[in-house]
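The values are calculated or read from the model by the stated rules, or taken from the named source; none is laboratory data. Keep in mind that what you see is a predicted model, and the values were worked out from it rather than measured. So basically every Cβ, Gly included, is an ideal-geometry build from the backbone, and we count neighbours across all protein chains shown.
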Amino acid sequence: MKILHALLLLAALMVSSQAWAVEPDEMLSNPALEARARAISKQLRCMVCQNESIDESQAPLARDLRVLVRQRIMAGDSDTQIINFLVSRYGEFILLKPPLSWHTLALWGAPPALLILGILMIVVVERRRATGQPALGAATRLSAVEEARLSEILHTDAGP
């Protein structure tokens, strides 16, 4: 029974841990506007944590950004205007999902390119294995002539 209580307590703490980020004094009284603020905050990267949205982060900068988003909402800005304002201030890095553009092409293109490269390498290795060719970089046995020449070189260098 104690284990069940401990598991329930742990589950409750894990579920509520993300809710601690947005403080009650930050929240807007209008539920529709608050939902809009939360939706925008989930799209923006915390510049301190870098792997969390500002909605999840407890960093002071994330709090400042959440407050700024709510201020811009109250001023009548659209979601796009708010996001554009923050991008102009912090760059596209603030977006958790940056748009595809010429300067984010490597970010978007690297994973598929690496996957294709890996598949091609597997195909080449398997074809070499099927035809009996040595793998790339694999050591091959010396011919009898090469072994004799190597032995001659080693014995002449060894000296008297």
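Is it fair to say ASP77 is in a loop (DSSP other than H, G, I, E, B), out of contact with any strand residue (DSSP E or B) (no Cβ under 8 Å at 6 or more places or on another chain) and modelled with pLDDT of 70 or more?
Values: in a loop (DSSP other than H, G, I, E, B): yes; out of contact with any strand residue (DSSP E or B) (no Cβ under 8 Å at 6 or more places or on another chain): yes; modelled with pLDDT of 70 or more: yes.
When the stated conditions are applied, ASP77 passes them.
Only one of the listed residues (ILE116, ILE122) is within 20 Å of the chain's Cα centre (by Cα), farther than 25 Å from ALA32 by Cβ, modelled with pLDDT of 85 or more and loosely packed, with under 12 Cβ neighbours inside 10 Å. That residue is ILE116.
The lone criterion from (1) more than 23 Å from the chain's Cα centre (by Cα); (2) not in a helix (DSSP H, G or I) left unmet by LEU100 is number (1). If you check ARG66, ARG72 for being closer than 24 Å to GLU23 by Cα, in contact with a Ser or Thr (Cβ under 7 Å, 6 or more places away or on another chain) and not hydrophobic (A, V, I, L, M, F, W, C), only one passes: ARG66.
Answer yes if at least one residue in the stretch 95-108 is touching a strand residue (DSSP E or B) at 6+ places or on another chain (Cβ under 6 Å) and within 30 Å of ILE40 (Cα to Cα), and no otherwise.
Within the stretch 95-108, one or more residues are touching a strand residue (DSSP E or B) at 6+ places or on another chain (Cβ under 6 Å) and within 30 Å of ILE40 (Cα to Cα).
Of the set (1) modelled with pLDDT of 90 or more; (2) in a helix (DSSP H, G or I), all apply to ALA6 but (1).
Among the residues of the stretch 92-110, the ones that are surrounded by 12 or more Cβ atoms within 10 Å (Cβ to Cβ) and of a type outside the set (Phe, Trp, Tyr) come to 7 in all.
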